[in-house]
Amino acid sequence: MRLSRRTFLAASTAAAAGTACAPAGGPPAAGETASTRPRTGFERLAADGYRLLDGRRIGVVTNPTGVTRDARHIVDVMHADDRVDLTAVFGPEHGFRGTAQAGGSEGRQDDPATGLPVFDTYQKSGRALADVFTASGVDTVVFDIQDVGARFYTYIWTLYDCMEAARLAGKRFVVLDRPNPVTGRSAQGPVLHKEFATFVGRQPISQAHGMTVAELARLFNGEFLEEPVPLETVLMSGWRRSRFYDSSGLPWVPPSPNMPTPDTALVYAGTGLFEGTNLSEGRGTTRPFELLGAEGVDRRWAAAANDLGLPGAHFREAYFTPTFSKFQGKTVGGVQIHVHDRTAYDPVRTGIGLLVTAKKVWSGFAWRPDRWIDKLTGSTRVRTMIDAGADTDEVVAGWQEELAAFRKVREEYLLYR
């Protein structure tokens with residue numbers, strides 16, 4: 001049986017409310033003062049003297065994005081502070097220090113900067129991951145990773161798996177919140193069907209979820225975990241749902257090697273779908289997920305995409321040569337997305353429009369043989385509708401009912417205006 005939503009929400013909200021709001025170090029963003037700028041969960045935790053972690057043996061799930069406003073890593077900061085008993089680090093996909101490419105990790109090692117043991121969480125879940133937490137000797141697991149707002153970005157499922165493993169291992173779980181870089185205005189896109197659950201989507205949420213990691217943690221605890229984990233969240237202050245990342249005054253650290261800028265994150269929830277096709281999604285270029293293409297594609301694709309009138313974006317005929325991944329060392333043709341109005345831009349509708357037009361203008365278009373597109377979209381619907389000749393509006397209309405249902409559930413767990 002699940003703990004009631006009211007009970008666990010009260011517990012996690014109490015933790016957030018009890019965390020001090022004193023200003024932390026670093027310069028304010030333009031137009032803001034030190035007392036009004038957005039502050040991360042870690043900033044508030046540190047400003048409160050780490051009271052939430054007092055007397056606990058701490059393990060941190062993090063990666064290169066776990067930084068302070070002045071670009072110091074939180075592991076280095078906490079390790080140097082006698083008020084924190086930091087005893088272990090847990091690295092996700094790409095690793096704690098971020099050296100591994102997609103589908104890789106850094107393995108078990110000792111961090112050369114701090115001497116702390118670093119345990120690998122990638123491709124571990126359930127009892128196997130719980131055993132890692134037990135072996136580490138920690139009693140509290142802290143999560144602090146920058147997400148990018150898309151269901152198929154794996155860090156939110158590392159969060160989910162770590163929450164489940166912490167419950168199995170009898171550990172306390174603390175989430176330090178960070179901004180959703182593409183805002184938290186709304187949820188968009190198809191909702192995952194449970195039979196298509198993988199590490200790029202464990203549970204039925206929408207493709208662009210429009211939530212922060214603390215909000216997702218509460219959603220996971222209330223809706224999806226078999227039993228809730230003892231959860232506490234340290235919320236941000238000063239962040240609003242309409243904020244894009246560049247208004248936060250925080251440094252952008254690439255969450256993964258192919259997420260170099262907030263502009264990448266803006267388009268990723270839609271163009272990440274091209275991982276499920278035989279076209280390049282721009283890996284091996286300086287603009288991954290903004291550049292798309294393949295051998296044999298020409299200017300007709302950009303023209304067809306522009307003819308759709310998709311809000312907030314223009315499409316430029318582009319040619320590029322990936323240095324790795326699909327079409328390595330070959331010159332390909334395609335498009336570059338130029339977002340000119342990010343408040344109007346809908347990444348998922350745009351991704352669908354680009355799939356529809358790519359199939360229309362390029363005879364070589366194909367889905368990956370393993371039907372990876374179904375894992376990314378969460379069902380067979382998008383693939384089968386596009387194959388049947390559906391246009392962009394028809395495909396998008398196909399998920400509106402399930403999206404509306406998810407939005408109602410999501411509303412219960414939102415923490416910011």
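Key figures for this structure:
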read-out: Selection status of Thr134, under 17 Å from Val60 (Cβ atoms), open to solvent by 10 Å² or more (accessible area, probe 1.4 Å) and among the hydroxyl-bearing types (Ser, Thr, Tyr); value: yes
read-out: Selection count, the range 153-177, where residues are open to solvent by 10 Å² or more (accessible area, probe 1.4 Å), at pLDDT 95 or above and not in a helix (DSSP H, G or I); value: 4
read-out: Matching option when the condition is within 23 Å of the chain's Cα centre (by Cα), modelled with pLDDT of 95 or more and hydroxyl-bearing (Ser, Thr, Tyr), among Thr13, Thr65; value: Thr65
read-out: Filtered residues of the range 260-312 (kept if assigned to a loop (DSSP other than H, G, I, E, B), open to solvent by less than 40 Å² (accessible area, probe 1.4 Å) and either touching a helix residue (DSSP H, G or I) at 6+ places or on another chain (Cβ under 7 Å) or among the aliphatic types (A, V, I, L, M) (or both)); value: Leu279, Glu281, Phe289, Glu290, Val297, Leu310
read-out: The lone exception for Glu401 - which of (1) under 15 Å from Gly189 (Cα atoms); (2) open to solvent by less than 60 Å² (accessible area, probe 1.4 Å); (3) in a helix (DSSP H, G or I) it fails; value: (2)
read-out: Which numbered condition Ser248 fails, given (1) open to solvent by less than 10 Å² (accessible area, probe 1.4 Å); (2) without any contact (Cβ under 8 Å) to a residue 60 or more places away in the chain; (3) not aliphatic (A, V, I, L, M); value: (2)
read-out: Checklist (1) touching a strand residue (DSSP E or B) at 6+ places or on another chain (Cβ under 6 Å); (2) modelled with pLDDT under 95 applied to Arg44, failing item; value: (2)
read-out: Any hit, the range 213-228, residues being closer than 30 Å to Val361 by Cβ and assigned to a helix (DSSP H, G or I); value: no
read-out: Among residues of the range 251-302, those that are closer than 21 Å to Lys360 by Cβ and free of Cβ contacts under 8 Å to residues at least 24 places away in the same chain, counted; value: 0
read-out: Of all residues in the range 41-100 being in contact with a helix residue (DSSP H, G or I) (Cβ under 8 Å, 6 or more places away or on another chain), part of a strand (DSSP E or B) and of a type in the set (Gly, Ala, Ser), the one that is surrounded by the most Cβ atoms within 10 Å (Cβ to Cβ); value: Gly59
read-out: Flag for Phe327 being touching a residue at least 40 places away in the same chain (Cβ under 8 Å) and either open to solvent by 30 Å² or more (accessible area, probe 1.4 Å) or of a type outside the set (Asp, Glu) (or both); value: yes
read-out: Among residues of the range 372-388, those that are small (Gly, Ala, Ser) and either open to solvent by less than 60 Å² (accessible area, probe 1.4 Å) or in a helix (DSSP H, G or I) (or both), counted; value: 2
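The values are calculated or read from the model by the stated rules, or taken from the named source; none is laboratory data. On a predicted model such as this, the values are computed, not experimentally measured, just so you know. Glycine gets a Cβ as well: all are built from the backbone with ideal geometry, and neighbour counts include every protein chain shown. Just the protein is used for accessible areas: all its heavy atoms, side chains included, with ligands, DNA and RNA removed. Shrake-Rupley method; radii C 1.70, N 1.55, O 1.52, S 1.80 Å.
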